[in-house]
Structures are given as C-alpha cells and as structure tokens.
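Working notes for the structure below.
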C-alpha cells in the first residue's frame, strides 16, 4: 500500500517533469520557428520576381522606376554600403579611442560614471537621432558645405554616433578580458602605457574588437528610421558626400505604403538582398568571436 | 479532459479577440477604400452621413489609389477612392468625380522666383535644368524634392507635368506631403509639389504659365495642375452606395470639403 502510493507520486512527478520540459521546448522553438517563418515568407514573396526579370537586372540595374517595371537595386546596394562605410569611418576611431581611455587611462570612478552613460546612448530611439539630424545636422551641412544637406555625410554622422555604444562596450569588455599578466609583463619590460596598448593589448583583444565593429556595421546597415529622415532617399548612386542617398532599408520603408503587385514583390526582393547581406555579416561576426574563444 | 480544457481556452481566446466583440461600431454596411489623399475627406463625409442615418456603419480605409481600385474591382469594397485617373483595364469601372484638388509647385518664401512655365517645371524635375539663375533666381543649384513611387500625388504630377518623361533619379524622395513641405520650408533653394490645400505660410506656391495657384484660376481653367478625386464602383452605385454618393455631391457634402481646402465639383 505504502509503496504503491509512493510509486504513483513518483509517476506524477515524472509526468509533470515531462510536461514542463515539453512546454519549455515549445516556447524555446517558437523563437526559432519565427525566424523560419520570416525567412520562408520573405524569400517566397521576393525571389520569384527576381528570377522573372533576371538576377542581373535586379542586382545591377541602375534604374528604380517600379511604375515602368524597372527594378534596379544597384543604387540602393551601393548606398547601403556607402553609408555603412561612412558610419564606420566615424564610429571606429571615436569608439576605439573611448574604449582605450576607459580601460587604460582613466580611474575606476570615471569609468563607473562614463560607461553607463555611453550605454544609455544605445537606448535612445532611432527616431530621436533622426529628428536631431533633421533639426541640427542637416541645416548645418547645408549652410556650411552647400547642397541639400540631406546627404551621405549626414547619414554617416548619425549612424556613426548610433553604433558607438556597440563598439565601445564590446571593445571595453574584450580589452578588460586580456589577462593582467600581459600588461604587467609589458610594463616590466620598460614599455610605456601607450606602447603597451598598441603592441600588447590591441593584438590580444583584436578579435573581440573586430566583432564589435562587425556588430556595429550590422546595426548601421539595418537602421531605417534615422536613415530615411536624413538621407534624402534619391535612388541614385551618390556622386559626392553631399549628395542624397537611398539605402535598402529606406527603399522598403519609403514605398511600402502604396506598393501593390510587382512593386510590392520588388520590395520583398529588396528585403531578400538585405537579409543575405546581414546573414553574411553575422556569420563573419560569429566566426571571429569563435576564434577569440579558442585563443588563450 | 485536458484536451477539452485546452479547446475551451482557445475558444475563449478567439472570442475575446474577434473584432466583433471589441466594442464600438460593430456593423459595417458599406466600405470605402483607396487613396490616402481622399481618406481624410471621406472620413468627414462618412461621419456626417452616419449622423444623419443613425444605425448605419460606413467604413473608410486607406491603402492607396491602386489598392482601392483593385478592392472595388474584386468586390471587397463598394466604393473605391482614386486620386488619379483610371488607366488600362481599370476603365470598365464607373467613375464619379467627387472633388478636385490643385497641385501646387512650391518653393521657399524667400525665393525671388515668382512664377515659371510648366515646361520649365518639367525640365527641373527631369534633371535638365539644375540652376535657379536662368529662372531669375540666385546662382544656386536647385534642390528637387519629389514623392515616392506609388504615391497618388506623384502619379498625378507625372501625368499632368512630366508626361512620358521620367523624374530624374537624383531627386530627393520623401513619403508624405508634410515632409516635402517641411524640407522646402527650410531649404531656400528647394522646389517640390504638394496638394494645394496643404500650402501654408511656410512655403510659397509658384505661378505656372502666369496663373497663380488659386481657386479662381482653377475654375476658369488657367491653372492647369488639377487632379480629380474619384469614387469608382462596379456599375452605377445602388442602394446605400448611391445614397452616400448623392450625399457627397449634395450642397452640404461639397461645402464640407470646401472648408477643408478642396475644390467642389461644380
């Protein structure tokens, strides 16, 4: 009697355990399945039209006139790469300088104040960055350098600021992860602090720093709202830093409200191209950070 | 047992989230869909119409001219709204002009250029004319601002001004009348086009071919940039749709939109 009731209790516990495990599994896989659904949907909606008009005219065509069945994405692909490169030119020097100062040349008190402030930057909604850009940066560029102000330069600066928190916080983490013995050894050999940073810490933290840059790059290429507000969105390859530019993301957001039929499919195709570019970036980021973990 | 309970929960959820139980006006007797330029005016009409006919539900949806026309063709809505002329196979629908809207070519108020020829507007937007100087302005590059592909306003501009010529690729592209106006209000060298009803003191509408952008000139036909706001339906509207169209075309319906800056049909 005693043993059977105990057995039943154990059975019930086992059953509950199985149920909990099943429930957790379902919840865990829902995230994966959402990714799957999105991928299948975008590819399903976007690829037929790419093959209908030919991959080449889609990816290398210079004219985007959906009302005339011209779906050339080349200006937007180049535009996305331009503004991303611009963002990195501004984000990398400032980000790395800030990370080095925070880890090597500042007291703990300063660091404890500055690092949370920088991380707060990441929490500002992108529409606020865009708004600041339109109100302050664009008129400034127009009045000092000429042109419409809505330009590659404006987008680069805004995106450069937006990726700073990503670059800084990951770089700081990887610089701090360098074993103290490296630093001590270098100082003991008579190297100055800057020499230590340049010749010891940087090489040791290199893969983490690269990963931070690639993540920042992903953020810059995917940003939509701020970009659309300050880019000017001309579907043409910009001839100068002061010319307007359209990115892949803004192409979708700008035209989706009225797009029907093939035009809509072409916007999904834009999404496919963006998807592929971001996948490649993520893969590179994962590969470099995996390499970092393997290193001593 | 378990399965029953799950089914019950699902049922309860589906009932809770189904649109009919979310309160408000549950009944829809007629749907209008289409141009977002007409939508705010159609909302106004529907509001007053429903006050006169309590118990009836008129539902107004956006989506753009093309989507509205398609929805009407397939019978999803009784009336489609279009801010551009019908084309190609859309022509077998019945169209009713319910209002007219002027298109204004606008510049910064400080711009010395008062008026241009329509042909010059075409040259500016095709990218052939890039400097204000030949037009009597400063020796500065023209910042051309246009709307995005698919927009009804761009469609009307393309048809009325550009014809077969393309708007050049380098033109700055924005996705609403408001943004276009905002950019031109802050850039002394910019030019763009918006609905005449939306011109305010921040920008100035140019005279075209010597005719100022105002109601009198549109009435006597001297100002050429006018687009019709259309209701379309499959065959002549009947029943409730007919009543609604009659209301819109009545004295009262037309006065309503005049107050909002549109031009009445008659």
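The values are calculated or read from the model by the stated rules, or taken from the named source; none is laboratory data. Predicted, not measured: the structure shown is a model, and the values here were computed from it. Cβ placement follows ideal geometry from the backbone for every residue including glycine, while neighbour counts extend to all protein chains displayed.
The table for this structure:
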| read-out | value |
| --- | --- |
| The range B:150-163, residues that are in a loop (DSSP other than H, G, I, E, B) and within 10 Å of chain A (Cβ to nearest Cβ) | B:150, B:151 |
| Tabulated pairs, the range B:56-75, first away from chain A (no Cβ under 13 Å) and touching a residue at least 60 places away in the same chain (Cβ under 8 Å), second assigned to a loop (DSSP other than H, G, I, E, B) and surrounded by fewer than 23 Cβ atoms within 10 Å (Cβ to Cβ), C-beta under 6 angstrom, 6+ apart or interchain | B:56/B:29 |
| Residue in the range A:30-52 that is touching a residue at least 12 places away in the same chain (Cβ under 8 Å) and within 14 Å of chain B (Cβ to nearest Cβ) present | no |
| Wholly within the range A:99-162, helices (runs of 4 or more DSSP H) carrying at least 3 residues that are under 26 Å from residue B:132 (Cβ atoms) | A:138-145 |
| Options B:147, B:114, B:140; residue that is within 13 Å of chain A (Cβ to nearest Cβ) and surrounded by fewer than 21 Cβ atoms within 10 Å (Cβ to Cβ) | B:140 |
| Selection status of residue A:19, in the same structural domain as residue A:239 (by TED's automatic domain parsing) and in a helix (DSSP H, G or I) | no |
| Any helices (runs of 4 or more DSSP H) falling wholly within the range A:214-296 and containing at least 1 residues that are within 29 Å of residue A:54 (Cβ to Cβ) and in contact with a strand residue (DSSP E or B) (Cβ under 6 Å, 6 or more places away or on another chain) | A:225-231, A:261-294 |
| Residue under evaluation residue B:164, criteria (1) within 22 Å of residue B:149 (Cα to Cα); (2) more than 17 Å from the chain's Cα centre (by Cα); (3) touching a residue at least 12 places away in the same chain (Cβ under 8 Å), criterion not met | (3) |
| Of all residues making up the range B:36-79, the number that are modelled with pLDDT under 85, part of a loop (DSSP other than H, G, I, E, B) and under 23 Å from residue B:176 (Cα atoms) | 3 |
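The rows are residues; the columns are (1) within 22 Å of residue B:145 (Cβ to Cβ); (2) buried (at least 19 other Cβ atoms within 10 Å of the Cβ).
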| residue | (1), (2) |
| --- | --- |
| A:127 | yes, no |
| A:131 | yes, no |
| A:136 | yes, no |
| A:148 | yes, yes |
| A:153 | yes, yes |
| A:167 | no, yes |
| A:171 | no, yes |
| A:174 | no, yes |
| A:179 | no, no |
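One line per residue, one yes/no per condition, for (1) modelled with pLDDT of 95 or more; (2) farther than 30 Å from residue B:138 by Cβ; (3) in contact with a strand residue (DSSP E or B) (Cβ under 6 Å, 6 or more places away or on another chain):
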| position | (1), (2), (3) |
| --- | --- |
| A:93 | yes, yes, no |
| A:115 | no, yes, no |
| A:144 | no, no, no |
| A:154 | yes, no, no |
